[in-house]
Amino acid sequence: MRKTIVVCAIVLCIPLWLGAEEFQVNGRTSGAQANAAVAADADGRIAIVWSSYFSSAGRSNDIFVRRFDTTGRSLDSDEVQVNTVREGNQTEPAAATNGAGTLLVAWHGPGLDAEDVFARLFHQFGAALTDEFLVNADTEGQQFYPSVAGSETGTFAVVWESRQTNEFGKITSIRGQLFDAGATPLGAEIRIDGGLDNARYPSVAMDAAGRFVVTWLQDRTINAVMARRFDANGVALGQPFEVNEVGFGSVTWPAVAMSPSGDFVIAWDGDPNRAGDDDVHARCFDPNGVPRTGQFTVNSLRDGAQQWPRVAIDDASAFVVIWQHDHGDPNLATDVWARRFDATGSPAGDQFQLNGYVAGKQQLPDIARAAGGLLVAVWQSDGQDGSGYGVFARIKPWTSDQDAATTGTPPIN
């Protein structure tokens, strides 16, 4: 049986690799491999993290990482487990690198009260620098959905959703914590949103100097995408502000990317009427939080639901948005698309499809800018690795639709 699995994996992986299409990231294929996230450093190393399902007693999802170079060649002989505590459900990983190439992986899992946020630090060459450690100082209630960013100075910011009960009832807020390059907390835990409405699904981005922006969904009758700026010490630079100009009723997970100089772009999905008509929207801001653009639509194809946007930005503040497109037809797959924009928010070409495998659902993409003028995209693909969801990636030039050269050896299960 073991030999049969190996032969099957070779048949599946090699044609994709030689065709310069997506390549398989996960080695283990039993169970679902999902919720992929990607980070890249300035020296050409790419780290992809995901959650891997196990059905053994007392164990559910674990967090794994695998590193690649910019040709797509695996730098690790196999995937590496991130979490050291295996009991319970470890899921929703996030990753970022700092200026030294150090990797911070965060996720949520069973904690002291309910769920907590944990993290672990890795050297640029792959060795673990810490055991897993608790991120949130306040362990009351549930801590979910971490997002991570790193700066050139070495610091990291981790933000998450916190669900607690106060005198007004249950409230969901956004919290954050700064860490130095060795994962030592810098100051106290930060309350990000500061409002009375439920705040959910945060995303954080940092500039070179360590200033950062957090965006989130403000969950109310007419939902809103909110954001707030902070200095490198975690001090708020003003109050939260509304990003979207058109209200919407659907739920979105907004995303933010920040250039080294501090320009930032926020992307989200939504529609004023119903979720089945969602489009992807974005808005650009200068380092002081002044809008450079109004709200604009990212996708040019308008049929079906366009959802789950993620965004990456370069040194000149040009950016790429990636998202999943649900055709709304049960006979058609869900695909992953992207579109490039210049620093003014003007399209630099039409949207383009990233997945070559179209037989199943391609979902929950993420994107990072890699060294050498490349972008790397990751997503989960249903059925492509031969066993439920697997994690796949594609590397392309930042400024054109030509595929990057892929001359290394593809990962083989």
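Summary of computed values
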quantity	calculated
Contact order relative to length of the range 98-156, as percent, for alpha carbon pairs under 8 angstrom and 6 or more apart	40 percent
222 nm mean residue ellipticity, helices alone, for the chain (DSSP H n ≥ 4; -39,500 (n - 2.57); rounded to 500)	-1500 deg cm²/dmol
Length gained when the stretch Phe133-Thr293 is fully extended (0.36 nm per residue, less Cα-Cα span)	53.6 nm
GNM top mover of Leu375, Leu75, Leu354 - the chain, alpha-carbon springs below 10 Å	Leu75
Per-selection Rg to Rh, the range 130-174 - Cα, Kirkwood hydrodynamic radius	1.08
Within-13-Å neighbourhood charge of Ala232 [Cβ basis; K, R +1; D, E -1]	-2
Most mobile of Ala127, Ala232, Ala368 in a GNM of the chain (Cα contacts under 10 Å)	Ala127
Dipole in debye (nearest 20) - the chain, about Cα centre, beta carbon charges: Lys, Arg +1; Asp, Glu -1	520 debye
Selection of chymotrypsin sites (Phe, Trp or Tyr not before Pro), the range 74-160, meeting DSSP coil and at most 11 other Cβ within 10 Å	Phe125
Local electrostatic count at Val213 - Lys and Arg +1, Asp and Glu -1, tallied over other residues with Cβ under 9 Å	+2
Simple label model, 7 Å out from Cα along Cβ direction - Glu21 to Asp43, nm	3.4 nm
Neighbourhood net charge (9 Å Cβ-Cβ; Lys/Arg +1, Asp/Glu -1) for Tyr389	-1
Check: the range 256-308 dipole with +1 on Lys, Arg Cβ and -1 on Asp, Glu Cβ, in debye	140 debye
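Throughout, read-outs are computed from the coordinates displayed, never taken from laboratory work. Since the model is a prediction, treat every value here as computed from it, not as a measurement. Cβ atoms come from the backbone with ideal geometry, glycine included; neighbour counts cover every protein chain shown.
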